[in-house]
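Worksheet: the structure to be examined is printed underneath.
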Amino acid sequence: MTKYERHPAPEKLLRQITTEAVNLLALGTTDKPGDAALPETGAALIAKAWGLPQELLDNSLALIQRQRRLVGDGSGKAALPDDQLLEAYDGGMTAELVWGLFETAVRLDDAQDRAKIHELALLLADILDFDEWIEVSGPGGGEK
């Protein structure tokens with residue numbers, strides 16, 4: 001049985017959001033262009049909320065910008081290897097990610113920042129089919 005973290009490390013959360021930002025750009029998985037910018041904003045807010053080193057944030061933003069350039073150039077390449085780019089999330093992993101975002105939101109003082117993190121959590125829950133997993137899992141949590 002896979003054990004999920006109720007309180008994912010902020011560094012892990014930043015890494016996950018960065019990967020999802022690259023995914024959104026590389027795979028074009030949203031209909032709204034603004035959605036691709038939301039994880040980038042989220043990365044900055046995660047770093048702010050948890051007091052992460054600027055270097056970690058800079059590395060994340062550089063990776064996202066690299067993917068943005070690759071998409072803009074029409075190269076068809078990705079800034080991450082395929083095994084990282086296409087990491088499959090199960091419902092528990094999505095719950096961990098969304099929970100981490102909510103924990104991040106409560107650490108932010110600005111209501112607009114909290115709203116952005118909430119918007120990001122909803123976007124990722126939708127993209128990662130969280131509702132479907134909850135529905136399929138049923139009241140017993142999917143355990144047999």
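The values are calculated or read from the model by the stated rules, or taken from the named source; none is laboratory data. No experiment lies behind these values; they were computed from the predicted model shown. Methodologically, a virtual Cβ is constructed for each residue, glycine included, from the backbone with ideal geometry; neighbour enumeration extends over all protein chains shown.
Taking (1) assigned to a helix (DSSP H, G or I); (2) at pLDDT below 80; (3) under 18 Å from Lys116 (Cα atoms) in turn, Gln84 satisfies each apart from (3).
Taking (1) over 19 Å from Leu120 (Cα atoms); (2) of a type in the set (Ser, Thr, Tyr); (3) crowded, with 19+ Cβ neighbours inside 10 Å in turn, Ser60 satisfies each apart from (1). Considering Ala95, Ala121, Ala115, Ala105, the condition of being among the small types (Gly, Ala, Ser) and at pLDDT below 85 is satisfied by Ala95 alone.
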